[in-house]
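One structure is given here, and the rest of the page talks about it.
The values are calculated or read from the model by the stated rules, or taken from the named source; none is laboratory data. Model, not experiment: these values are computed from the prediction. With ideal geometry, Cβ positions are generated from the backbone for all residues, glycine too; neighbour counts draw on all protein chains shown. Ligands, DNA and RNA are excluded from the accessible area calculation, which covers all protein heavy atoms including side chains. Shrake-Rupley method; radii C 1.70, N 1.55, O 1.52, S 1.80 Å.
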Amino acid sequence: MYAFTYHKPTSARQAATLLAKKEDAKLLAGGHTLLPTMKQRLASPAAIVDLGACADLKGITLKGRNIVIGAMTTHAEVAASAEVQAAIPALAYLASHIGDPHVRHRGTIGGSVANNDPAADYPAALLALGATVITNKRKLTAEEFFTGLYETALEEGEIITKVSFPLVSKAGYAKFRNPASRYAMVGVFVAKRGSDVRVAVTGAGEGGVFRWPEAETALKVRFSPKSLDGFKHGSKGINGDIHADPEYRAHLIGVMTRQAVAQATGK
Amino acid sequence: MTTVSLTVNGKAVSANIDPRTLLVQFLRENLRLTGTHVGCDTSQCGACLVHIDGKAVKACTTLAVSVDGAAITTIEGLAQDGKLHPMQEAFREHHGLQCGFCTPGMIMSAVDMVNRRGHELDEKTIREDLDGNICRCTGYHNIVKAIAAGAEAMGKAGVTTRQAAE
C-alpha cells in the first residue's frame, strides 16, 4: 500500500470540505473494496477521508412510506434491523447474504452502491425497488445513479448520505453466488408495487445492473413464477468468465427470477 | 504518523503509526500478539479475525487508525487466568484442527457466532456462518463439532456472550 494522509471527519459536511480541499482524496467507508485495491497498488489515493465517525451517515428510519438507510449503515445492521425486516423483508434477506458475517460487520450500503460492482447485491435492490440515492448535493433515482460498470453519476466531491427505499407490496431476491467470492454470478431482485412490477438483474450484465422488461410485462399480468414458464433471457450483453459462460448466466437469470418471485409470493 | 489508542484484550495501548498500518500488522508487529494470523491477506480466509467492539472483523482489511478508540479482542484475550476459554477447550477436545494456522480465526468466528445466535447452534447454521473462514486441512467436520460443543459449553459455564475481557 502506498502512503496517504489520513483524515477522520465527524460529519458529512466536514467530509465534503476535506474531499474538496485535499488533492486526490478518496472516501473510506467499510474499506472492504478500497483497502484490498490499495493493497494491490491498483489505487493510490494521496488522502483518505474515513467516514467511520460521521454519525449523521448512520442509522435506519421509517419515514412515511419509505425506509431510509444511512450510507454508513453496515450490511449486518440492515440484515438485523427489525424495521427493514418488517417493511421490506427481501432487503434484509439480501443484506444477510452479502459476503460473509465478518465482511457484513464492516461493509456498508453507501460503499457498495458507490462502487457499483457489477456483481454486487445492493444495486439490484435499488433498481427494482425504485430507490432514491440521496447525496450531500441532490437526489438521484437508481436509474440515474447507476451509469455503467463501476460507474455512477456521482460527481467530484459528492458523498452519498442516504438511500431511501419506498415500501412495496411484494419483493424477493434470489442469488446464485460464486462459492469462493460470494458475489452474485446472477442475482435477481423482483418488486411489486400496485400494478407496477420491476425485475433487476445483477452479476450478469456487461454494463452492470439492468432491468428485464419482458419479464416485468409478463409478471404484471400475473405475479407468479408460472408467468415466466419458458422465459429465457438472451445471452447477448451477458458476462462470461471462468466461472460461467454467457449462456449459462443467461439461463440463471430465468431461474433466479422465478425463485425471486416464488420468495416474494411465499410459494 | 498518526496516534492510535485502543483497548486490546482489556489493556489500553497507544502508539504512533503510519496511517497505512493494517490492524493485523499493528497487533502482530507493534504489540507482538502473533496469535492473529495473516492467511490470504485478501479478506477471504478469516485467519486474521479479531473482535472489534464485540464483532468479528477481518483485521487484514481494516486500518488500525480507523478503529481508534475501539476495544479489540484477539485470540490471546480469550483464556482467563491460565484457563482456556470454553470454545478453545472444545476445539482441543474435538480435535478441531490439524496444522492450526486457521484455528485462531476459527475460534474468534465461533465465539462471534455464539454472540449473534446464542448457545444452540445446529450444523447447518455453523457451516453457513463459517463462510468467512477457510481451513485447508480438516474438511471442517471436527471444527463444526467443536463449535457446537463449545457454544453449549459457553452456555453452561455461564460465559457471557461477550468475552470476559471486554
Hits in segment A:31-52 - residues which are at the interface with another protein chain (Cβ under 10 Å from one of its Cβ atoms) and either at pLDDT below 95 or on the phi > 0 side of the Ramachandran plot (or both): A:31
Residue under evaluation residue A:17, criteria (1) of a type in the set (Val, Ile, Thr); (2) in contact (Cβ under 8 Å) with a residue 24 or more places away in the chain; (3) closer than 17 Å to residue A:158 by Cα, criterion not met: (2)
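Give segment A:159-170 a look and list any residue that's among the aliphatic types (A, V, I, L, M) and open to solvent by 20 Å² or more (accessible area, probe 1.4 Å), or say none.
Of all residues in segment A:159-170, those among the aliphatic types (A, V, I, L, M) come to A:159-160, A:163, A:167-168.
Selection gives A:167, A:168.
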So residue A:5, is it under 21 Å from residue A:160 (Cα atoms) and either modelled with pLDDT of 95 or more or of a type outside the set (Val, Ile, Thr) (or both): no
Inter-residue pairs, beta-carbon under 6 Å, first of a type in the set (Gly, Ala, Ser) and in segment A:119-145, second open to solvent by 40 Å² or more (accessible area, probe 1.4 Å), 6+ apart: A:119/A:183; A:128/A:198
Which numbered condition residue B:28 fails, given (1) more than 8 Å from chain A (Cβ to nearest Cβ); (2) open to solvent by less than 20 Å² (accessible area, probe 1.4 Å): (2)
Pair list, Cβ under 8 Å, 6 or more apart: segment B:35-55 residue closer than 16 Å to residue B:100 by Cα, other residue in a strand (DSSP E or B): B:36/B:49; B:36/B:50; B:46/B:58; B:48/B:58; B:49/B:56; B:49/B:57; B:49/B:58
Selected residue [within 15 Å of residue A:118 (Cβ to Cβ) and surrounded by fewer than 21 Cβ atoms within 10 Å (Cβ to Cβ)] from A:187, A:240: A:240
Selection from segment A:107-147 of residues that are part of a strand (DSSP E or B) and open to solvent by less than 20 Å² (accessible area, probe 1.4 Å): A:108, A:133, A:135, A:140
Pair list, Cβ < 9 Å and 6+ apart or interchain, from segment A:256-267 residues that are at pLDDT below 95 to residues that are open to solvent by 10 Å² or more (accessible area, probe 1.4 Å): A:266/A:170; A:267/A:225
Residues that are under 30 Å from residue B:21 (Cβ atoms) and more than 11 Å from every other protein chain (Cβ to nearest Cβ), drawn from segment A:60-94: A:70, A:71, A:72, A:73, A:75, A:78
Within segment B:1-16, considering residues that are within 14 Å of chain A (Cβ to nearest Cβ), surrounded by fewer than 19 Cβ atoms within 10 Å (Cβ to Cβ) and at pLDDT 95 or above, the one nearest to residue B:106 (Cα to Cα): B:5
Residue within segment A:211-231 that is open to solvent by less than 70 Å² (accessible area, probe 1.4 Å) and farther than 21 Å from residue A:193 by Cβ present: yes
Helices (runs of 4 or more DSSP H) contained entirely in segment B:51-166, each with at least 3 residues that are open to solvent by 40 Å² or more (accessible area, probe 1.4 Å): B:86-93, B:123-129, B:141-156
Failed condition for residue B:123, given (1) more than 19 Å from residue B:141 (Cα to Cα); (2) more than 14 Å from every other protein chain (Cβ to nearest Cβ): (1)
